[in-house]
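Visitor: Structure provided below as structure tokens; questions to follow.
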Amino acid sequence: MTRLPTWIAVLIALAQSSGPANAQKSAPCAVRLKPLVIQIEFPDIPRKIQSEFVRKRFLQDPDSYIREMSYGKACLEGELTKRWYRMPGPIKDYWVPWQNLKVDKQVLQRLVAHAVGPAERDVDITRYDFVIIVLAATALQWGNQGLNTYPGLLGIADDSSLVTPGGRKIRGGIAIFAQSANLGKIFHNMAHIMAGVKGGRRVLPDMYDQDLASESTEKSGPLAIGALVRAQMHMGAWDPMSCNQCLQRPGIPGVSSWTKLRLGWLDEKKLRTVSAGESTAIKVGSLSDAASSTLAIRIPLTPLTYYLVENRQPVGFDKNLPASGVLIMYGDDGIPEPRRGKGPVRLINADASVLNLDGAAFDVAKNSTFSDPDRDVKIQVMKKVGASYDVRVERKQ
């Protein structure tokens with residue numbers, strides 16, 4: 001049997017109790033999200049984690065991250081089921097590969113039914129904003145670190161998968177995680193649910209290429225990690241919606257302005273729009289600084305396409321970024337999901353000589369200017385003052 005990583009064992013040893021799980025206490029926020037965490041174990045795998053570990057990893061840690069990323073607008077105030085529910089079959093009956101396009105949907109439906117069915121007899125699931133299923137199994141045992149059934153592999157265009165075996169309606173969505181899932185993976189899947197669905201599309205899609213990732217035949221190991229990194233072709237390790245588990249970084253990075261806009265966390269008052277024919281210099285504060293008057297610049301090109309400019313500095317979770325500086329993104333709202341090399345957002349790469357988009361940031365001393373002659377757009381990083389940058393945008397049409 002696969003041994004648990006040392007960090008899991010340490011957390012378990014520090015846990016004080018594993019009794020009934022109560023609502024998580026936290027400071028007030030504007031949007032309070034209340035997920036239900038269903039705790040699942042398997043008959044053929046001895047459970048080596050307790051509820052305190054689950055609470056910290058899947059509620060408290062994401063809550064801290066969401067509060068920082070949303071500037072205090074959103075938070076998690078979830079609850080755990082008071083007991084662990086044992087699945088009727090062994091782990092192999094619920095095995096799901098990490099390659100999304102290779103997932104057997106019938107297996108996934110079985111897992112959801114066998115987890116939610118017993119839980120709904122004890123808990124009124126309709127009271128919660130979404131459901132999280134935590135498995136007392138590692139990714140090596142289950143096959144996957146985490147995924148969404150809705151909005152995701154079991155539905156996007158409608159919510160027919162959000163009905164319990166007993167006929168109750170589940171709000172929001174359902175995410176499933178192995179116990180070994182890290183914060184990047186956990187937030188990634190929660191964010192899909194928090195952003196929701198509009199017009200039959202996920203408001204916040206993935207940033208990594210689904211086809212490129214699913215081409216891999218590896219179940220785990222360095223080759224599987226390499227496939228994930230190659231699939232991060234649009235945004236690299238600059239956003240957890242791209243790097244997913246963020247395995248090549250020491251921890252989860254902060255989210256980009258593109259993701260914050262999709263989640264409703266970036267106030268439009270802090271977004272400066274530069275229209276056609278306008279040329280102006282704008283002071284752009286660090287994206288992590290809620291006090292900055294301007295956190296991003298938007299340059300509309302067509303009704304669906306635009307450039308987005310932001311300033312990322314090594315503050316808070318952004319200490320886990322590949323570098324710091326000014327990021328320029330090209331957005332295309334006509335692309336619903338990143339498939340076959342096309343994505344709804346991609347970084348303009350300042351330094352292509354650096355692998356995996358780690359050199360994507362523009363700065364004053366090096367790679368200070370981006371020009372798009374076809375669209376008559378020029379973006380220049382003029383100077384840095386403290387943690388802010390003066391950025392000049394020139395538009396001729």
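The values are calculated or read from the model by the stated rules, or taken from the named source; none is laboratory data. None of the values given here were measured: they were computed from a predicted structure. So basically every Cβ, Gly included, is an ideal-geometry build from the backbone, and we count neighbours across all protein chains shown. These accessible areas exclude ligands, DNA and RNA; they are computed on the full protein's heavy atoms, side chains included. Shrake-Rupley method; radii C 1.70, N 1.55, O 1.52, S 1.80 Å.
Visitor: When the accessible area of region 160-243 is computed with all protein chains present and a 1.4 Å probe, what percentage of it is carbon and sulfur?
Guide: Within region 160-243, the accessible surface is 55 percent carbon and sulfur.
Visitor: If you average the sequence gap of Cα pairs under 8 Å that are 6 or more apart and divide by the length of the chain, what percent do you get for the contact order?
Guide: 12
Visitor: Please name whichever of 279, 150, 76 sits farthest to the positive end of the charge dipole of the chain, dipole taken about the Cα centre and charges placed at Cβ: Lys and Arg +1, Asp and Glu -1.
Guide: Positive-most Cα among the choices belongs to 76.
Visitor: Give me the mean projected area, in nm² to one decimal, of the convex hull enclosing the Cα positions of the chain. List each step's numbers first, then the result.
Guide: Details: hull surface 77.3 nm².
For the chain, averaging the hull's shadow over all directions gives 19.3 nm².
Visitor: For the chain, what does -39500 (n - 2.57) per DSSP helix run (n ≥ 4), summed and divided by total residues, give at 222 nm, in deg cm²/dmol to the nearest 500?
Guide: When only DSSP H runs of four or more count, the value is -5500 deg cm²/dmol.
Visitor: Pick from 174, 282, 297: which is most flexible by mean-square fluctuation in a GNM of the chain where alpha carbon atoms under 10 Å apart are linked?
Guide: With Cα springs under 10 Å in the chain, the top fluctuation among 174, 282, 297 is at 282.
Visitor: Provide the convex hull volume over Cα atoms per residue for region 111-246, in Å³.
Guide: 111
Visitor: Working from Cα positions, state the angle (0 to 90°, nearest 10) between the long axis of helix 222-231 and the longest principal axis of the chain.
Guide: The angle comes out at about 50 degrees.
Visitor: Quick check: from the Cα gyration tensor, does region 254-397 come out rounded (a/c under 1.5), prolate or oblate?
Guide: rounded
Visitor: Percent of accessible area on region 257-397 owned by carbon and sulfur, 1.4 Å probe?
Guide: Carbon with sulfur: 49 percent of the solvent-accessible area.
Visitor: Let me have the relative contact order for region 54-208, percent, based on Cα pairs under 8 Å that are six or more residues apart.
Guide: Result for region 54-208 is 22 percent.
Visitor: From largest to smallest, what semi-axes in whole angstrom does region 194-247 give when each is the square root of 5 times an eigenvalue of its alpha carbon gyration tensor?
Guide: 23, 12, 9
Visitor: Continuing with this model, one more query. Give me Rg over Rh for region 212-333, both radii from the alpha carbons and Rh done the Kirkwood way, two decimal places.
Guide: Working: Rg = 16.1 Å, Rh = 15.7 Å.
We get a ratio of 1.03 for region 212-333.
Visitor: Still on this structure, please answer the following. Quick one: if you stick a label point 7 Å off each Cα along the C-beta vector at residue 110 and residue 302, how many nm between them?
Guide: If labels sit at residue 110 and residue 302, their model points lie 4.6 nm apart.
Visitor: Taking the Cα centre of region 78-153 as origin, work out the dipole magnitude from +1 charges on Lys and Arg Cβ and -1 charges on Asp and Glu Cβ, in debye rounded to 20.
Guide: My answer is approximately 220 debye.
Visitor: Roll a 1.4 Å probe over the protein chains and send me the accessible area per residue for region 286-397 in Å².
Guide: Using a 1.4 Å probe on heavy atoms only, each residue of region 286-397 averages 46 Å².
Visitor: For residue 382, what residues show an amide H to amide H distance below 5 Å, using hydrogens built from the backbone and excluding near sequence neighbours?
Guide: Residues meeting the amide H criterion: 390, 391, 392.
Visitor: Go through 315, 356, 329 and say which Cα lies farthest out towards the positive end of the charge dipole of region 277-357; charges sit on Cβ, +1 for Lys and Arg, -1 for Asp and Glu.
Guide: Value: 356.
Visitor: About its Cα centre, how strong a charge dipole does region 31-89 have in debye, to the nearest 20, once Lys and Arg get +1 and Asp and Glu get -1 at the Cβ?
Guide: 120
Visitor: Which value, in debye to the nearest 20, gives the size of the charge dipole of the chain about its Cα centre, when Lys and Arg are +1 and Asp and Glu are -1 at the Cβ?
Guide: The dipole magnitude comes to about 540 debye.
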